[in-house]
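What follows is calculated from the coordinates using simple rules that are stated; it is not laboratory data. Owing to the predicted nature of the structure, the values given are computational and were not obtained by experimental measurement. Reconstructed Cβ throughout: ideal geometry from the backbone, glycine too, with neighbour counts over all protein chains shown.
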Amino acid sequence: MNRVDERFRCMGCDARVRLESALVPEPELRRTAAAVRAALADADRRLTRFEPGSELSRLNADPREAVPASPLVARLARAALWAGNASGGLVDATLAGEIEAAGYAASRTGQAAAPLADALAAAPPRALARPRPEPGFARIEVLADGRVVRPPGVRLDSGGLGKGLAADVAAELVPAGVRYAISAGGDLALGGGEWEVAVTGAATGAEVHRLRVRSGGVATSGIHERLWRREDGAFAHHVLDPSTGEPAWTGLVAATAAAPGALEAEVLAKTALLSGPAAGRRVLRRHGGVLQHEDGRVEIVERAPVVRLRVAA
Amino acid sequence: MPSTLSTRRLVLVSLALFLIILAFLAGRVRAGADPAQVSAPASSSTPAPQTQTYDTDPYGDGSSGAPPGFSPDQGGSLPDQGGAVPGQELDPPTTHAS
């Protein structure tokens, strides 16, 4: 069996490419890994909101209604619209202003997260997140020529969507006959055979469960990795309640979802986290996943059985 | 008369069977097991925003014609729900918040 396993930093997070094949020789696997890394690095450059010169920042600052965009940024815009609608408005990628106001205007790479237990103890009463009545994502459109249409002032934040999208885009470069696992900051695109995926605990950082996945994606959304103290002393994190623009405290600290792709897994995980324990459980039942509660409980959510009726021809 | 009775009996039995099957299918749909059903992930009291025409395929060009919402369970990317898998992979891919 030929194998390649490379770890590196990308999008301000840990990234990893694992490729295995009995058919494809190792030099070709290495070339594929290099192409995957280049795709992730390209996504990082284009989609970051922390660099004023990135394509996303230029799109956000552009005064025109319709802005020419690369295929990747057009895809992100399309994904933002899809994610908003699919999540009932909870996954809103147009909260760039709100996330900056919450204290996340610059990259937090290298900065230690605030203690989760302290943040939970000081957090406001728990409440389920709700959508905005007139969300910005609903006004996004991608024209046939690739231009992105949105009202000037509606700014996109790639956030978790960017990582899931990057993992999916990179996975498209893997040739047939290769078993692969591509991680962009913990958002995984998987295929070519069955994989075990370790789920990391929010409180301890240790493995709390393993999911077995045949192909598709797995992603985790959580409040503990990007957790900080504002100047006024209040704790904040980057998972916002769209209705308030403030960090959401729902009773969950993390949600992990499986799905047919990394982007969809990311959206499912964030939807579950924002929905709170009861509704989050229902969200994850679609493909299975894991909920991590504030009290440390780790809840495995089995996917719902599907009844299919077939009529013989 | 016997012919009328058996016809009536046949109609009643057919109607009863139809209602039973309908109730079963309605139950499955309510349980969220209908692959064609749109997901309602958030609280039922949470209204979905009114939106314009949008892409239902997060990865493609929007020509799939699929209903909005998440993908139905296609049996391809499913976690094994048997709990922890004992040590087959020493260094498996890891998912975590970022």
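Counted by neighbouring Cβ atoms within 10 Å, the residues A:Phe235, A:Phe50 run from fewest to most as A:Phe50, A:Phe235. Note on the range A:2-301: percent of Cα-Cα distances in each 10 Å bin, starting at 0 and stopping at the bin with the largest distance, equals 7, 29, 36, 23, 6, 0. Remark on the range A:45-140: ratio of C-alpha radius of gyration to 2.2 N^0.38 Å is 1.27.
Note the per residue figure in Å³ for the convex hull of the C-alpha positions in the range A:1-96. List each step's numbers first, then the result.
Values: hull volume 13.3 nm³, N = 96.
It is 139 Å³ per residue.
Say the dipole of chain A comes from +1 at the beta carbon of Lys and Arg and -1 at that of Asp and Glu; which of A:Gly186, A:Ala304, A:Ala255 then lies farthest toward its positive end? Positive-end residue among those listed: A:Ala304.
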